[in-house]
Structures are given as C-alpha cells and as structure tokens.
Amino acid sequence: MKIVILGTGNVATNLVHGFEQRDVRVKMHNSRNLTDLPEADCYIYAVADQALAEVAAQVHAPRALHLHTSGTVPLSVFGEDKPHAGVLYFFQSFSKASLINDWSTIPVFIEGRQIDDLAAIYTLAQTLTSRIFECTQHDRERLHVAGVFANNFTNLMYRISADLLRDTTIPFQVLLPLIDHTAQKIHTILPEEAQTGPAMRDDRAVMAHHLSLLNSEQQAVYTLLSEMITSSRPSRDLA
C-alpha cells in the first residue's frame, strides 16, 4: 500500500517515524502545497482541524482511502468525491522533540465509511499497535475533551507550579516524585479515590493562606478547582 501523510507537524512526523520503524514506506507531503501531490492508495491527513476541510477538498483521488487523525472532526469532512474514508485517531500527545518509538501501548480509535474501509483501517493500525477500538463520533469527541483535561490542563498546572517556584531556591524537579506517584495511583484506584489536599479536607484556613500567595489569575484557577473538589466530597468526615 502506497501511503502519503499530509502535514509536517507533530502528528505527521511521529507517524512517519512510527511506520518507517516497522518497514512501512510512507511519504510526507506538505499540506500547504498540493500541486505535486504523489498518487497513493491511502492519504492520511495529519493537519490542524481548522485546515482539514480545505486540504481535503484539494485532494482528488476517488479510489484512494482518505483518513484523518482528528479527535473532533466528523467523518463527513470528506465529501462524496471520497467514497472510501475514515478516521485514524491515535490517543496520544505528539511532539517532534520527543518521537515515539514504542506504539504498542497507544490506543487508536477508528471509524470507516464502509465495511471494507474499516477493515483496511484496522490492518493499517495494526502496523503500529494492537490496541484498536472502533469508535463513534459521539464517543471520540468526548474522549478528545477528556484528553484535554487529563493532559493539556494538567500540563498547565505544572507550568503554574513551576512559576510559583521560580523566585525560590527550590527546583521544579522536586515535584516529579509527587507527580509520578499521583499518576501511578490512578492505574489501580479511581481518580476520586486518589483525591487529597486541603480542598478535599475542606481546610479553609490553608486554602485562604494559599490564595494570599497567588496572583489574580492563579487565585481564580485555585478557587474554581478547590470549589469543584470540595463540592464532590463524600458526606462522611474526611478529617
């Protein structure tokens, strides 16, 4: 199967790296210049969500399989001129600076316009991982926003933590054992069972003191998150 990956960003670069590690020949093509687009059996669109419709409209290959890698864009982004289409959504955070070598633990969520398309997508996905799940648009959208909370917003918390330590002699690295332990806990217990801290104890004195150490933006984040934690506390005494 001749595969062309459209895009040169984080996802595209990692996909090329992953396929080539498994001796699958692929070509990366800049999605901003499609005049010399090579023929292929499969086009994988690893482009920004807002650009996907525009890029897809410029690719004229009715016999090829067209796949996008988005967590939110519906399959209908591929028009009737692309009868063979689907979704190949790898649920992972990708970066050019840290290419993924082991894809075996990464789940991929697939969708196909036709049964034969779905079978082809499954076979392609198997090249990289065995954790393959057929997924509807409804479920994929919710998975994507769950990932934003679990990954992107969590990383923002790390940034705020780093900012708070910036004018101290304490390096950010001292937080790593705590971060690692918290992440490891939810492999075996539910997130609500792992929740700790002053908001979970409803310790108003500690929370008030924390707020006095923060700027206005940090205070807003701290207050909102603390209120969400406090409101979710069980009725039993947590002291």
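The numbers here are math on the coordinates, done by the rules we state, and not lab data. Everything quoted here is computed from the prediction, not taken from an experiment. Backbone-built Cβ (ideal geometry, glycine too); neighbour counts: all protein chains shown.
Considering only Thr154, Phe78, Leu143, and ranking their Cα positions along the charge dipole of segment 73-187 that arises from unit charges at the beta-carbon of Lys, Arg, Asp and Glu, the one farthest toward the positive end is Thr154. Extension gain for Lys96 to Ala119 (0.36 nm times residue separation, less C-alpha to C-alpha distance): 5.3 nm.
Rounded, prolate or oblate: which fits segment 162-239 when a ≥ b ≥ c are the square roots of the eigenvalues of the alpha-carbon gyration tensor, with rounded for a/c under 1.5 and prolate only if a/b beats b/c? Oblate. For the chain, hydrophobic long helices are taken as DSSP H runs at least 30 Å long by C-alpha position along their axis with mean Kyte-Doolittle hydropathy of 1.0 or more; none is present. Extension gain, Asp139 to His17: 0.36 nm times the residue separation minus the Cα-Cα distance gives 41.1 nm. For segment 3-135, a crude dipole built from +1 on the beta carbon of Lys and Arg and -1 on the beta carbon of Asp and Glu, taken about the Cα centre, is about 280 debye to the nearest 20.
Between the C-alpha center of segment 169-185 and that of segment 1-17 there is a gap of 34 Å. Residues considered: Leu75, Leu224, Leu143. Largest GNM mean-square fluctuation over the chain, using C-alpha springs under 10 Å, is found at Leu224. Here is how the number arises for the chain: DSSP H runs of 4 or more residues each give -39500 (n - 2.57), the sum is divided by the residue count, and the result at 222 nm is -12000 deg cm²/dmol. Each residue, Asp81 and Gln219, gets one label point 7 Å from its Cα in the Cβ direction; the gap between the two is 5.6 nm.
Between Thr35 and Ile189, the contour length at 0.36 nm per residue exceeds the Cα-Cα span by 50.2 nm. Legend: calculated FRET efficiency, Asp180 to His209, from the Cβ-Cβ distance at R0 = 30 Å, rounded to 0.05, equals 0.65.
Here the chain carries DSSP beta bridges of which approximately 20% are antiparallel, counting only pairs with both residues inside. Here the chain is treated with +1 on each Lys and Arg Cβ and -1 on each Asp and Glu Cβ, and its dipole about the Cα centre works out to around 300 debye. The residues neighbouring Ala64, those whose beta-carbon lies less than 12 Å from its own, together hold a net charge of -1 under the Lys/Arg +1, Asp/Glu -1 convention.
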